[in-house]
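The values are calculated or read from the model by the stated rules, or taken from the named source; none is laboratory data. As the structure is a computational prediction, the values presented were derived from the model and not from experiment. Note that each Cβ is placed from the backbone with ideal geometry, even for glycine, and that neighbours are counted across all protein chains shown. Heads up: the accessible areas ignore ligands, DNA and RNA and are worked out on the full protein's heavy atoms, side chains in. Shrake-Rupley method; radii C 1.70, N 1.55, O 1.52, S 1.80 Å.
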Amino acid sequence: AALNHGLRSQVSAALKEGRVAPTELCQRCLALIKSTKFLNAYITVAEETALKQAEESEERYKRGQPLGILDGIPVAVKDNFNTAGIETTCASNMLKGYISPYNATVVQKLLDQGAVLLGKTNLDEFAMGSGSTDGVFGPVRNPWSYSKQYKEKAVPKSHSEDEESNWVITGGSSGGSAAAVSSFTCFAALGSDTGGSTRNPAAHCGVVGLKPTYGLISRHGLIPLVNSMDVPGILTRCVDDAAVLLGSLAGHDPKDSTTIQDDFKPFELPNLTDVSKLSIGIPKEYHAPGLSSEILALWSKAADLFKNAGAKVVEVSLPHTRYSIVCYHVLCTAEVASNMARFDGLEYGHRSDMKDSTESMYAATRREGFNDVVRGRILSGNYFLLKQNYEKYFVKAQKVRRLIANDFMKVFKSGVDILLTPTTLSDAAPYTEFIQEDNRTRSAQDDILTQAANMAGLPAINVPTALSERGLPVGLQFIGRSFQEKQLLTVAKWFEKQVQFPVIQLEEVKRHDSDVFQHQKSASFS
């Protein structure tokens, strides 16, 4: 239950009152990272830097001059955000060993507020994927695979089956960040969200995953995948914490021309008691092929929850939704092809030893540096951008994208405040089952309910809702109006309070370090 209080009332207060020191908090998180190493959530653990930052935070608290709510709070960052002095790899051979000379704006903002950066988290290579299984450092394991809730329900296929093969995926591509938050190794983490890469793993790992409105948070220093859709995402253990992080990160950045010009005022979320003035839209097109009966039932139950509390619940139509995944694929690969052109082996990153010619060096560098998934998307994107295909694919997809955005605008203009949809088609798949299909097929299935919000630039949040019959987390998605994060998060907070999602019971970690686990269980940060 303490997880639902969060940063402001729990950890930040404990730090201010001296009941826990930033160095102690940092050491406990680092110990937990070591004892959960089997999850493969982190690519780089910046132990020395983190302890130094924690010591500086401790000094500020002693002087009675903390920098804010985040001072001394341990956080993690997805390994596609640039971090000065800490390796940034994008889970690719192309950037192995690359150390950026500067911090991404969001990373700098966290550090300016005194947050303690524990390390960089694992992902699909260059954030292309929906399982966090395709990075060069190996797949991320979902902490719920080792939970008491899952183990009690899991039925081994045979007596001899090793429980090692029973683990489930985190979703992706921000799976490392979701696993890090879910397993209590940090209090919040940054992900990126291009087509659902923050909300998808949040749903599978039982955490809150917020994709803010496009332009609300700076992309400067986030290694680009799809410039027109990428948004830094926020992963926390409760909605209040997501609001705290958003308040610290949002606002204009002169280094990113797509950010809003206005100042962003951080807000504290009110405790909503009356939902009777709310209109909740249920988009019928989100009853997609492949949606599990379990999630469908949960979605209906959630709609009834709002209805019974007095909210107006209406079925709405977003007619162009059925074209969205195809449209997303064309635009995504086209922008990927353009963005990946910078990795040529000359300025930074991997360079092949091939010396026959400049062209052969380029080709060998990219063949050695990129995996099949990245090369496949570059190939598709360049095909769509060919002179003879440009109008037929790219321009047409841009027009459909406008129609998709207009669908949302019409629904919101009709008086609907928030849309309620599933986040994923089912709970997390076992790894052995997930890798049977290729990355493109999996991404098309897994992004189907999330990518439309990216194409329309709207804010969306995953809220953990219940455990499936297999004892795994299932989440629902709320989509709001542009720049109406306060309303979106207020509704999400009300819903979170109603559903009372259970706390993960991590048996493995308890055995390794019960003291650390108990401390973390009782402390989240708002």
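Go through the range 68-87 and count every residue that is without any contact (Cβ under 8 Å) to a residue 40 or more places away in the chain, among the small types (Gly, Ala, Ser) and not in a loop (DSSP other than H, G, I, E, B). Qualifying residue count, the range 68-87: 0. Residues satisfying the criterion are present in the range 339-360 (criterion: under 23 Å from the mean Cα position of the chain (by Cα) and within 28 Å of ALA452 (Cβ to Cβ)). Here SER100 clears all of (1) touching a helix residue (DSSP H, G or I) at 6+ places or on another chain (Cβ under 7 Å); (2) open to solvent by less than 10 Å² (accessible area, probe 1.4 Å) except the condition numbered (1). Considering the range 336-352, and only residues there that are surrounded by 17 or more Cβ atoms within 10 Å (Cβ to Cβ) and under 18 Å from ASN80 (Cβ atoms), the residue that is modelled with the lowest pLDDT turns out to be GLY349.
For (1) buried (at least 18 other Cβ atoms within 10 Å of the Cβ); (2) in contact (Cβ under 8 Å) with a residue 60 or more places away in the chain; (3) of a type in the set (D, E, K, R), each residue gets a yes or a no:
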| position | (1), (2), (3) |
| --- | --- |
| SER248 | yes, yes, no |
| HIS252 | no, no, no |
| LYS265 | no, no, yes |
| VAL330 | yes, yes, no |
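The helices (runs of 4 or more DSSP H) located wholly in the range 296-394 that include 2 or more residues which are among the hydrophobic types (A, V, I, L, M, F, W, C) and closer than 30 Å to LYS413 by Cβ occupy 321-339.
The criterion of at least 3 residues that are within 24 Å of SER338 (Cβ to Cβ) is met by the following strands (runs of 3 or more DSSP E) wholly inside the range 157-245: 188-193, 231-236. Could you list, in sequence order, all residues of the range 36-55 that are of a type outside the set (Lys, Arg), assigned to a helix (DSSP H, G or I) and open to solvent by 30 Å² or more (accessible area, probe 1.4 Å)? PHE38, GLU47, GLU48, THR49, LEU51, GLN53, GLU55, listed by residue number.
Only one of these is buried (at least 17 other Cβ atoms within 10 Å of the Cβ), touching a Ser or Thr at 6+ places or on another chain (Cβ under 7 Å) and not hydrophobic (A, V, I, L, M, F, W, C): LYS284, LYS211. Name it. One residue alone meets the criteria, LYS211. Checking each residue in the range 405-416 for being of a type in the set (A, V, I, L, M) and open to solvent by 20 Å² or more (accessible area, probe 1.4 Å) picks out only MET409.
Yes/no matrix, rows are residues, columns are (1) at pLDDT 95 or above; (2) surrounded by fewer than 22 Cβ atoms within 10 Å (Cβ to Cβ):
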{"site": "ILE418", "(1), (2)": "yes, no"}
{"site": "ASN439", "(1), (2)": "no, no"}
{"site": "ARG442", "(1), (2)": "no, yes"}
{"site": "ASP447", "(1), (2)": "no, no"}
{"site": "LEU458", "(1), (2)": "yes, no"}
{"site": "ASN462", "(1), (2)": "yes, no"}
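Listed here are the residues, each with its yes/no results for (1) closer than 19 Å to THR170 by Cβ; (2) not in a loop (DSSP other than H, G, I, E, B).
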site	(1), (2)
ILE448	yes, no
MET455	no, yes
ASN462	yes, yes
PHE478	no, yes
THR490	no, yes
